[in-house]
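The values are calculated or read from the model by the stated rules, or taken from the named source; none is laboratory data. Predicted model, so just to flag it, every value in this text is computed and none were measured. Because the Cβ atoms are built from the backbone with ideal geometry, glycine has one as well, and the counts that use them run over all protein chains shown.
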Amino acid sequence: MTVHEDTKASRVKQMIDVMATSGWRITEQRRKLAEIFTDANGYLSPKEVYDQMTIPYPSVSFDTVYRNLRLLSEMGALEQFYSMDGGLKFKASCSTHHHHHLICVNCEKTLTFDYCPMEQSLKLPGSFKIVNHRFEVYGLCEECQKETVNG
């Protein structure tokens, strides 16, 4: 097994472990979902996931795929963001360490950064207790900035 295959198998196992810990039965369809996100290079729309799922499972419904994506997101196996022009998109969660994302609004390339604004002193109203957070910054990646200048 190559290093890439070993990493992929490890990432699939991580996602399946999250499903199992949440009480899900691990079916071949759910294993395929984990593989789709492990192979993906960035965010996928529900339609893109559905299109990939119908190849091995032609009878799977869009509603089933979408419901699984939402549940996987709620249990932390997937990260989601709302693209301004493409709607809701998902990608496998980065569970190795705490970080946040820079997302290119043009090509949707995602970069991670370790700075966390939540580490600053926050003046929150009332007795609000934060249990989780997500921080995303939208802009143009270096390649898209070059295209804008040169195009």
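Under the condition of being under 21 Å from Tyr82 (Cα atoms) and of a type in the set (Phe, Trp, Tyr), which residue from the range 39-58 is surrounded by the most Cβ atoms within 10 Å (Cβ to Cβ)?
Tyr43
Give the residue, chosen from Leu122, Leu111, Leu78, that is surrounded by 13 or more Cβ atoms within 10 Å (Cβ to Cβ), free of Cβ contacts under 8 Å to residues at least 40 places away in the same chain and not aromatic (Phe, Trp, Tyr). Walk me through it before giving the result.
Values: Leu122 fails: surrounded by 13 or more Cβ atoms within 10 Å (Cβ to Cβ); Leu78 fails: free of Cβ contacts under 8 Å to residues at least 40 places away in the same chain.
One residue alone meets the criteria, Leu111.
From (1) within 15 Å of the chain's Cα centre (by Cα); (2) modelled with pLDDT under 90; (3) under 22 Å from Thr110 (Cα atoms), pick out the condition that doesn't hold for Val18.
All conditions pass for Val18, except number (3).
Just to be sure I understand, how many residues within the range 21-34 are exposed (fewer than 13 other Cβ atoms within 10 Å of the Cβ) and either touching a residue at least 12 places away in the same chain (Cβ under 8 Å) or assigned to a helix (DSSP H, G or I) (or both)? Steps first, please.
Going residue by residue through the range 21-34, those that are exposed (fewer than 13 other Cβ atoms within 10 Å of the Cβ) are 21, 23, 25-28.
Narrowing the set further to residues that are either touching a residue at least 12 places away in the same chain (Cβ under 8 Å) or assigned to a helix (DSSP H, G or I) (or both) leaves 21, 28.
Number of matching residues: 2.
Which of (1) at positive phi; (2) of a type in the set (Gly, Ala, Ser); (3) at pLDDT 85 or above is the odd one out, the single condition Ser59 does not satisfy?
Failing condition for Ser59: (1).
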